[in-house]
Amino acid sequence: MAELATIARPYAEALYQVAKKHDVKAWGQQLDALALVAQDADLRSFADNPKVTAEQVFVIMTAATKQTLAPELQNFLRAVIDNGRLSALSAVVDQFHVLANAAAGVADAQIFSAYPIEPAQLADVVATLEKRFGRKLEAHVQLEPALIGGIRVVVGDEVLDTSVKARLDRMKVALTA
């Protein structure tokens, strides 16, 4: 994993520098679409076929995104394909978002919940979490039924775990100590 991050960092930094001159949010959406396409196993095996040209991979990827990519993003995608870095594309996009969020003063908050969270509830949770962490948060909710109830929030390297599972684990430790 560290190797992918090392490969992805220069690409992400260069992308972000160019995106700052344009619309960072729109670029982020286009990059998300590219990363989603690049995660497809069939596409990866197609791209790894020695009989397939880089141009063929490029055409398929741009068609699969169902978006018109900015010319600079097209050049970026060509460079990624030509250099055989398609497997690192998701890591590049993740690091791009980290750079964009840091510049905007926003942090990603991964919220793990045992049950789906309604939009109104999520807004309240995010407002409370923003006060708790002292920064603006962009929330991403992921279901994790093993939590039994409550939520676990990961913001950077900070974790706030108010789940029933965590409380039961703490009780177990206290009782066996």
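With respect to (1) within 15 Å of Gln110 (Cα to Cα); (2) open to solvent by less than 70 Å² (accessible area, probe 1.4 Å), the lone exception for Glu138 is condition (2). Within segment 87-124, the set of residues being of a type in the set (Val, Ile, Thr) and over 13 Å from the mean Cα position of the chain (by Cα) comprises Val106, Ile111, Ile117.
Only residues that are within 11 Å of Leu99 (Cα to Cα) and outside any helix (DSSP H, G or I) were counted in segment 6-26, giving 1.
Within segment 152-167, the residues that satisfy the criterion of being open to solvent by less than 90 Å² (accessible area, probe 1.4 Å) and farther than 22 Å from His97 by Cβ are Asp161, Thr162, Ser163, Val164, Lys165, Ala166. Within segment 152-177, residues that are touching a residue at least 12 places away in the same chain (Cβ under 8 Å) and within 16 Å of Gln142 (Cβ to Cβ) reach partners that are open to solvent by 80 Å² or more (accessible area, probe 1.4 Å) and assigned to a strand (DSSP E or B) with beta carbons closer than 9 Å, at six or more positions or on different chains, in the pairs Arg152/Val159; Val153/Val159.
The values are calculated or read from the model by the stated rules, or taken from the named source; none is laboratory data. Just so you know, these numbers come straight off a predicted model, no measurement behind them. Note that each Cβ is placed from the backbone with ideal geometry, even for glycine, and that neighbours are counted across all protein chains shown. Protein only, heavy atoms only, side chains kept; ligands, DNA and RNA dropped before computing areas. Shrake-Rupley method; radii C 1.70, N 1.55, O 1.52, S 1.80 Å.
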